[in-house]
Every structure is written in C-alpha cells, then in structure tokens.
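To start, the structure itself, in structure tokens.
The values are calculated or read from the model by the stated rules, or taken from the named source; none is laboratory data. Computed from a prediction, not measured in an experiment: that's the story for all the values here. Quick reminder, even Gly has a Cβ in these numbers, built from the backbone with ideal geometry, and neighbours come from all protein chains shown. Side chains included, ligands, DNA and RNA excluded: accessible areas come from the protein's heavy atoms. Shrake-Rupley method; radii C 1.70, N 1.55, O 1.52, S 1.80 Å.
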Amino acid sequence: MRSFDNYRDLITVLTHKEMKVRYKSSVFGYCWSVANPLAFAFVYYIAFKIIMKIQMEDYTLFLIAGLFPWQWFGTSVVSAPMIFLANSSIIKKVNFPRNIIPLTTVLQDMIHFLLSIPVIIGFLFIYHRTPSLSWLYGIPLLLLIQLIMTYGAALLVSSINLFFRDFERLISILITLVFYCTPIIYPETMVPEQLRALIYCNPLSPLIVSWRNLFIHGTLDPAALAMGFAYSLVFLAAGHLIYRKLSWKFAEVL
Amino acid sequence: MNNEQVIIFDAVSKSYPLYHHITGGFKNFLFHFPRAVSQMKNHQYEALHEISFQVCRGETFGIIGKNGAGKSTALGLIAGVLKPSKGTISVKGRVSALLELGSGFNAELTGRENIVLNGVLLGLTRVEVMHKMEEIIEFSGLGQFIDQPLRTYSTGMMMRLGFSVVSSLDPEILLIDEVFAVGDMEFQKKCMDKLESFKKGGVTIVYVSHGMQTILQTCDRVIWIENHRVRMIGSAQEVVSSYVDAGL
Ligand SMILES: Nc1ncnc2c1ncn2[C@@H]1O[C@H](COP(=O)(O)OP(=O)(O)O)[C@@H](O)[C@H]1O
Ligand SMILES: [Mg+2]
C-alpha cells in the first residue's frame, strides 16, 4: 500500500516532470501561460473594441479577467488527450493510480494561473481599481471548483482518447465552440433575454462569470457559485466513471 | 527458503481484444458501430491460456518460451499493470519490475531525475530515494552521464540505470524481462552478482531470458510456456534440458 507521503511526492515529482517535458523549463512555461491570454486579449481588443466598437468600459480588463481562468481550463483539456500516451512507459511498468497523471497536468496549469494573477492585478491598477478583500475567500473557492471541473474533464478526455485516438480532434473543435458559448469576450448581459438561460447550460459560464466579477468588482454570487460547483461535480463523476471502467485496460492499448 | 507462496496464478487466462478496430478512431467506430461492437466481443487474442503456478518467497523462478509465447504478459500480470481475463492472481509484496528497455523512464528527463521518478512510482518517498541516490549512481557506473537527458543514452546505459534503480530500492519481488543481454560483460557480471546477493537476502525473483546458461545458473525452478499454455514446470535442470532437446 502506498503511504500518504508517497502520494504527495508522486504528485510533486510528476507535476515537476510534466512542466519540464511540456515547456522544457518552468520559466518558459510561465511566460507561455501569461503571453497566450495576453495575445488573445490584444486580438479581441482590436477586433471588438477598435473595429466593431463594442459599447463597454474597461474592455481590456474585462477580457483579461475572463481569459486567464479560461486559459487554465482550455490548456488542460486540450492537452488531456495526449496525457496517458505521453506517459505510456510508466503506465506499462508500474501499477499506480493512473488518475494522478491528469491531476498533475491540471495542477500544473493551475499553478500557472495562480502565478498570472499578479498580471491581472497590474491591469486593475491601470484601470484605477484595487484588489478586494473578498479575494481571500473567493479565490480559494473558485480555485477548488475549477480544479474539480478541469480534473474531471481532463480525466474523461484522456481516458477516452486512449481508445479512440481521433478524439483529440473532436476535443479541439469542441473547446473552441465552448469558448465562444462562454461569456468571455462578451458580457452575459449582452445576450438576448430569451437566450440567457441557455448560456448557463454551459458549465463554464457560471465559473468564468464568477471569476470575472470577483477580479473586477470583488463580488461573488452564491447562486453562480453553487451552479459552478454542481457542474464541477458532474464532471468529476463522469470522469471517474469512465476512468474506472477503462483504466485497467490502459496498459493493453498503449 | 520457507514455503510461503508469494505469487499464485490460478488458471489464469489473458486475452487481448484486437483493439485496433477501436484505435482506428471514433469516426470509424460510430460509422461501423454494429460491426465494431461485435468485433470487440469476438476478436480476442488469447496470449495466456489457463496458466497455473506458484512461486515461494525467496525463490528464483524462470520463464522460458519462444517469442510471443506470453512471457512478458505473465510479468505484466504479476506487476499488476494487466488484469487477467479469467482466473485469479495473488501477489504478496512490493513488486519492482525491469521490463522492456526504457520502460518507466522519460526520455526528456536526466538520469538523476528519472531515478527520483522511478523511486516514487515504486512507492518510496522522495527523501528515501535521495538517501539511495549516490549508491544508485555509483552502481550504474554512468558517471557524468547521470545528468544528461535519457534520450542521449545507449540501450546498454539505459539498462544500467534501470537495473541500478530497481536493485537499490529494496525490492521484495523482482521481475526481469530479458534485458541483460544489452549490457556489456562487466555490467552483466555485476548484475549476476547482485542477483546472487538478492537470492541470499530472500528476494523473490521472476526471470525471463533466452540465455539458457544464465537460467541454469540462477533459477531454482522454471516454467516453459508454449502456445500460450504451460508445457512444463520443474527444476531448472529438468526443464531447460527438455527445452534444449526440443530443439528450440
Ligand atoms: N497490448 C497487446 N495487445 C494485443 N496483443 C498483445 C499485446 N501484448 C502482447 N500481445 C500479444 O500476446 C502475445 C504474447 O506476447 P508477449 O507476452 O509479449 O510474448 P513474449 O514476451 O513471450 O515474447 C503475442 O502474440 C503478442 O502479439
Ligand atoms: Mg517479451
């Protein structure tokens, strides 16, 4: 039986390895996780603010507050299909809880997200705002919800992809669709009244809206929080169900 | 040697579904759904058929047979990375495996980082691995290469690292899958000496090899697998001589 200490070290060592293998160095990985959403923010700013003249104040800040948390979810899920494949050599050799591998990927992207919060703070100051005290409990709460949701989704995607190797393509299309269905580059208030309920059928919506309101206004809506939490549990349950059904076959198909 | 059985295979069969129908892709699966499902059920390849044997604590147990006989499958089942399709397997003790070359390693990490990775995968804590680090590096004889990424290693160097790791981390049950052949003479000798000291120390060893000489030297008992079935189990002397007589 593995001890708690072993589990802890397994997670830290695998997370470190993941970082090194994916980005060659941790500094580069961090730069990537900051530069990527910033670049997108820039593009959307040009497209929507300058060209289409969207009627919104502080649009850049608005974009950034939503794009950073999205970056975490998006990167984790898009890289999920390759997770088990990239670790086939250890899966075929040692019997260990394989769900630790997607967990470390998600944790690594979470660390990058945490490290990018100072960038968001920088933009707050540019727009003459300040971080709020509510971040102290708001950030841990939303982190937990997003961690569960992202882990569940990554577990689901990575397990299925072992058996259907073209699942990866489907996921990259799906994630783009979800991105545009989530109020990230537009506020939910712009969505026509009749369609607004539909927006909340998207599991990412309550989460991203909560992050943005927390970052910009320091507010946390309990209803959105509860909804996000419920969705995250659905992801976790679905991920685990599929993982438990398939995991004993992993070594056969790798 | 006492008689406590630490590995028990009871009428174990292992079938591999021919997964390529599915790994052919999701699209393929959806568009040929009925056929894909029936293929999944019917197209099975039986790699082991009703295999039974027991290994006692401290014993060195050899597995011989032709390529594709199912030897590596048997080791995978002992290691717990594969599940039997039928029958039961019981394994008591921590299993350290030296399977295919490079298994358990990551090509981008250095030798040193791979040692830590392997250690925690085998169930140790990082501190425990660190305590053994110098001993492992010393045994491997890799010198300065230990801080190079693994993709620069030759197969022999990879084997050196693999064996040094599993052998330094107090194995209880050691699985070895025909890997020694790639090491140089000097290191092969070192491995054999180490195996000898494990035998004295009461470590259970399951050893797959095509080298009949080493099988004779190291193993107490041997199983001969042919056509995915047990052809013979017995003392190393007995089984190896029949195997050689059969002209294989
Ligand atoms: N993951 C797998 N999927 C399908 N067939 C496999 C798999 N692994 C092994 N086999 C098949 O099972 C048989 C036994 O393989 P193996 O145990 O590796 O043989 P050995 O180690 O004795 O050479 C072989 O015919 C091989 O093709
Ligand atoms: Mg083999």
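Assorted remarks:
Okay, residues lined up against (1) of a type in the set (A, V, I, L, M); (2) touching a strand residue (DSSP E or B) at 6+ places or on another chain (Cβ under 9 Å):
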residue: B:P149; (1), (2): no, yes
residue: B:I176; (1), (2): yes, yes
residue: B:F187; (1), (2): no, no
residue: B:G202; (1), (2): no, no
residue: B:Y207; (1), (2): no, yes
residue: B:R221; (1), (2): no, yes
residue: B:E226; (1), (2): no, yes
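- Condition check for A:S3: farther than 15 Å from A:I184 by Cα, free of Cβ contacts under 8 Å to residues at least 40 places away in the same chain and open to solvent by 50 Å² or more (accessible area, probe 1.4 Å): yes
- Boolean, B:F145 is assigned to a helix (DSSP H, G or I) and open to solvent by less than 80 Å² (accessible area, probe 1.4 Å): no
- Which listed residue, of A:L142, A:L115, A:L85, is within 19 Å of A:S172 (Cβ to Cβ), out of contact with any Cys (no Cβ under 9 Å at 6 or more places or on another chain) and in a helix (DSSP H, G or I): A:L85
- Condition check for B:F61: touching a residue at least 60 places away in the same chain (Cβ under 8 Å) and over 15 Å from the mean Cα position of the chain (by Cα): no
- Scan of segment A:55-71 for residues that are outside any helix (DSSP H, G or I) and in contact (Cβ under 8 Å) with a residue 60 or more places away in the chain, ordered by number: A:M56, A:D58
- Selected residue (criterion: farthest from the other protein chains (Cβ to nearest Cβ)) from residues of segment A:72-96 that are in contact (Cβ under 8 Å) with a residue 24 or more places away in the chain and within 18 Å of B:A79 (Cα to Cα): A:S88
- Within segment B:237-248, if we keep just the residues that are in contact (Cβ under 8 Å) with a residue 40 or more places away in the chain and under 19 Å from B:A181 (Cβ atoms), the residue that is surrounded by the most Cβ atoms within 10 Å (Cβ to Cβ) turns out to be B:V240.
- All positions within segment B:92-108 that are at the interface with chain A (Cβ under 10 Å from one of its Cβ atoms), away from ligand 2 (no atom under 16 Å from the Cβ) and within 17 Å of B:V203 (Cα to Cα): B:R94, B:V95, B:S96
- A:L133 being in contact (Cβ under 8 Å) with a residue 24 or more places away in the chain and not in a loop (DSSP other than H, G, I, E, B): no
- From the list A:E188, A:E252, the lone residue that is within 14 Å of chain B (Cβ to nearest Cβ) and among the acidic types (D, E) is A:E252.
- Subset of segment B:61-78 that is of a type in the set (G, A, S) and within 13 Å of ligand 2 (Cβ to nearest atom) - its residue that is farthest from the other protein chains (Cβ to nearest Cβ): B:G65
- The lone exception for B:E113 - which of (1) free of Cβ contacts under 8 Å to residues at least 60 places away in the same chain; (2) within 16 Å of ligand 2 (Cβ to nearest atom); (3) within 14 Å of chain A (Cβ to nearest Cβ) it fails: (2)
One line per residue, one yes/no per condition, for (1) away from ligand 2 (no atom under 16 Å from the Cβ); (2) within 14 Å of another protein chain (Cβ to nearest Cβ); (3) surrounded by 18 or more Cβ atoms within 10 Å (Cβ to Cβ); (4) not aliphatic (A, V, I, L, M):
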{"residue": "A:V157", "(1), (2), (3), (4)": "yes, yes, yes, no"}
{"residue": "A:N161", "(1), (2), (3), (4)": "yes, yes, yes, yes"}
{"residue": "A:I173", "(1), (2), (3), (4)": "yes, yes, no, no"}
{"residue": "A:L204", "(1), (2), (3), (4)": "yes, no, yes, no"}
{"residue": "A:L207", "(1), (2), (3), (4)": "yes, no, yes, no"}
{"residue": "A:L214", "(1), (2), (3), (4)": "yes, no, yes, no"}
{"residue": "A:H217", "(1), (2), (3), (4)": "yes, no, no, yes"}
{"residue": "A:G228", "(1), (2), (3), (4)": "yes, no, yes, yes"}
{"residue": "A:K245", "(1), (2), (3), (4)": "yes, yes, no, yes"}
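- Taking segment B:55-121 and the strands (runs of 3 or more DSSP E) fully enclosed by it, the elements with 1 or more residues that are open to solvent by less than 10 Å² (accessible area, probe 1.4 Å), more than 16 Å from ligand 1 (Cβ to nearest atom) and at pLDDT below 95 are at B:95-98.
- Residues of segment A:49-68 that turn out to be touching a helix residue (DSSP H, G or I) at 6+ places or on another chain (Cβ under 7 Å) and open to solvent by 40 Å² or more (accessible area, probe 1.4 Å), as a count: 1
- Contact map, segment B:184-205: first residue basic (K, R), second residue modelled with pLDDT of 90 or more, Cβ cut-off under 6 Å, separation 6 or more or different chains; pairs are B:K199/B:T60.
- Test: residue in segment B:136-149 that is more than 9 Å from chain A (Cβ to nearest Cβ), at pLDDT below 90 and at negative phi: no
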